[in-house]
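Have a look at the structure below before the remarks.
Coordinate-derived values only; no laboratory data. Since this is a predicted model, take the numbers as computed values, not measurements. Here the Cβ is made from the backbone with ideal geometry for all residues, glycine too, and neighbour counts use every protein chain on show.
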Amino acid sequence: MSRFAIAAMQIQVNGAGKNYKTMIASIDNVMLVFPWVQMIVFSELAVAGPAAAFAEPLPGPTERAFQAIAKRYGIWLIPGTAHEKAIDGLFNTASVINPQGEVVLRYRKMFPFLPYGVAQPGTNFAIFDVPNVGRFGLSICYDIWFPETSRTLACMGAEVLIHPTMTATMDRDVETAIVRATAATNQMYVIDVNGIGAGGVGRSMIVGPEGDVIHEAGSGTEFMPIEIDLDLVRRTRERGLRNLGQPLKSFRDAPVQFHVYNPASPLRSGLAALGPVIKAGRPGNI
C-alpha cells in the first residue's frame, strides 16, 4: 500500500488561549465529510496560540485529549505545535499521535525564529513510520529555512515532510518558494500547514516530490484532504525528477566533505563576522 490520505487544516488561531474546541470541531467536520482521511495535521502553535503564557508540560491534559480524539477516529493526528513547559526550559513542540491514541514521538523545533522567538532549540531529528505506508519526517516553521534539516530527514529515509508553520509576516512568499525547493531537492512530499488570524496569513501548501504545487490555500479557513502516493516518491528517487536529476543519489555519491559544518573550520570565518542575532533598530541606533 503506497497511497495515504492526509488532511491539512488551515484554521483560525486564537491568540488568547486554547483553540482545542475549534480544532476538535474541525476534526469532526473533516471526518464526517471525508471519512477516508488517515492523518490530520494542524499549523504551528495552533493549540494555544503564540503566547508562551499558555505553555503546558508534556504529557499534559490537552495532549491527552487529542490522544482520545485520534483513538476515537482511528487516525494519525499531529495537532500542530504548542509551547512545552519543561524542566530544562520552554520549547515549541509537536506531538505525533497514532491511531491507537499513543504518542509515538515529540519533536522540539530546532530553529526558533530568532530574534523574535522565545523558545529554546531542540536537537533531535524526528522520523516516524506509518506501517505498510512509508516513513515521515517532521519539522517546524523556520526549520525549513535551513536545508540541512530537510536533507537530514531525507537521508534518514523520510518520504513525506510534515511541516506545521506559523508565518504571519510578509516573507510568506519566500517561504512558499523554499517549500517547493525542499520538495524538489529532496524528492519528497511536503505538507506545509500555516494558520490564519493569530496563527499566520494562510497560503498553506501541499507539494509533490517533483516540486509541483498540488494545492495552495488562500487566506481563509480551509480543510485540504489529499491522497498522496508514496510510489511516486520512490520512482522519482529511482529515475530522477521528471526522469532528469537524481539529487539524493548525487549527494550520497559525492566525494566532497562539507567542512563548513565543523565549528572549528576556517571556512566559517564569514559567519563569525556577522555579529549576534538581535532585533533591528532604527537607522543610526545599531
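Would you calculate, for the chain, the mean residue ellipticity at 222 nm contributed by helices, counting each DSSP H stretch of 4 or more residues as -39,500 (n - 2.57) and dividing by all residues, to the nearest 500?
On the way: 7 runs with 72 residues, N = 286.
Taken over the chain, the calculation gives -7500 deg cm²/dmol.
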Most fluctuating of N14, N186, N124 in the GNM of the chain (C-alpha, under 10 Å) is N124
I want to verify a result. In a Gaussian network model of the chain, Cα cutoff 10 Å, which of these has the top mean-square fluctuation: G137, G211, G245?
G245
Determine, for the chain, the count of lysine pairs separated by eight or more sequence positions (or lying on different chains) whose alpha-carbon distance falls under 22 Å.
7
For the stretch 145-212 and the stretch 8-83, what is the separation of their Cα centres, given in Å?
20 Å
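Sequence gap at least 6, Cα distance under 8 Å: using those rules, report the relative contact order of the chain to the nearest whole percent. Could you put the intermediate results ahead of the total?
Values: 623 pairs, mean separation 53.7, N = 286.
Relative contact order, the chain: 19 percent.
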What is the distance, in nm, between label points placed 7 Å from the Cα along the Cα-to-Cβ direction at S250 and at E227?
3.4 nm
Distance in nm between pseudo-label sites at V118 and A177 (7 Å out along the Cβ direction from Cα):
3.2 nm
Work through the residues other than V174 whose Cβ is under 12 Å from its Cβ and net out their charges, Lys, Arg +1 and Asp, Glu -1.
0
Estimated inter-spin distance, D129 and H215, nm [label 7 Å along Cα→Cβ]
2.9 nm
Label the stretch 211-286 by shape, choosing from rounded, prolate and oblate, from the square roots a ≥ b ≥ c of the eigenvalues of the Cα gyration tensor; if a/c is under 1.5 it is rounded, and otherwise prolate applies when a/b is larger than b/c, oblate when it is not.
oblate
